[in-house]
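Novice: Below are the structure tokens for one structure; questions will follow.
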Amino acid sequence: QVQLVESGGGSVQAGGSARLSCAASARTRISYNMGWFRQAPGKEREFVASISWSADFTDYAESVRGRFTISRDDAKNTVYLQMNSLKPEDTAVYYCVAKRWEYIYAGTSGDTLDAWGQGTLVTVSS
């Protein structure tokens with residue numbers, strides 16, 4: 001099973017930016033679609049963004065569209081989430097996720113994902 005390790009979380013001022021990284025233990029260029037979910041205190045995990053293994057498809061939650069950008073570097077087996085114009089409501093634990101073969105969409109259930117990272121906390125202060 002592919003293992004995912006996130007980094008880049010921390011405390012950020014509202015309006016600021018942060019970049020999350022997710023390193024995979026195995027090559028993900030072939031067959032693995034990647035993405036990010038997040039979970040705020042007292043809430044269920046929700047979809048944030050996704051990118052296909054070939055990088056020809058991306059999807060974003062409406063709450064982050066235009067502010068967040070997902071990308072991947074297959075040479076490094078790494079996926080990134082660039083977060084700009086951060087808001088206090090973006091505060092959450094962010095999880096890197098992977099799904100083999102099938103695309104990840106905004107409507108994808110977290111129960112169908114094949115791998116999860118341990119999570120990294122992003123705190124946005126006003």
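The values are calculated or read from the model by the stated rules, or taken from the named source; none is laboratory data. What you see is a predicted model; the values in this text were computed from it and never measured. With ideal geometry, Cβ positions are generated from the backbone for all residues, glycine too; neighbour counts draw on all protein chains shown. Ligands, DNA and RNA are stripped out before the accessible areas are found, and what is left, the full protein with its side chains, is counted by its heavy atoms. Shrake-Rupley method; radii C 1.70, N 1.55, O 1.52, S 1.80 Å.
Novice: Report the residue count in region 39-80 for those that are at pLDDT 95 or above, open to solvent by less than 60 Å² (accessible area, probe 1.4 Å) and among the acidic types (Asp, Glu).
Specialist: Result for region 39-80: 1.
Novice: Moving on. Counting only residues that are exposed (fewer than 11 other Cβ atoms within 10 Å of the Cβ) and under 19 Å from residue 60 (Cα atoms), how many does region 107-126 have?
Specialist: So in region 107-126, the residues exposed (fewer than 11 other Cβ atoms within 10 Å of the Cβ) come out as 107, 109, 111-112, 126.
If we keep only those that are under 19 Å from residue 60 (Cα atoms) too, we end up with 107, 109, 111-112.
Matching residues across region 107-126 total 4.
Novice: Are there strands (runs of 3 or more DSSP E) fully within region 15-120 with at least 2 residues that are under 12 Å from the mean Cα position of the chain (by Cα), farther than 26 Å from residue 1 by Cβ and touching a residue at least 12 places away in the same chain (Cβ under 8 Å)? List them. It would help to see each step written out before you state the result.
Specialist: On the way: elements: 18-24, 32-39, 46-51, 58-60, 68-73, 78-83, 92-100.
Those strands (runs of 3 or more DSSP E) span 68-73, 78-83.
Novice: So, one more: Given (1) farther than 25 Å from residue 13 by Cα; (2) at pLDDT 95 or above, where does residue 83 come up short, assuming only one miss?
Specialist: (1) is the only condition that residue 83 fails.
Novice: In this structure, is residue 94 surrounded by 19 or more Cβ atoms within 10 Å (Cβ to Cβ) and modelled with pLDDT under 95?
Specialist: No: the conditions fail for residue 94.
Novice: Out of region 9-38, which residues are of a type in the set (Val, Ile, Thr) and either over 22 Å from residue 100 (Cβ atoms) or loosely packed, with under 15 Cβ neighbours inside 10 Å (or both)?
Specialist: 12, 30
Novice: Restricting the search to region 81-91, which residues are open to solvent by less than 30 Å² (accessible area, probe 1.4 Å) and more than 14 Å from residue 55 (Cα to Cα)?
Specialist: 83, 86, 90
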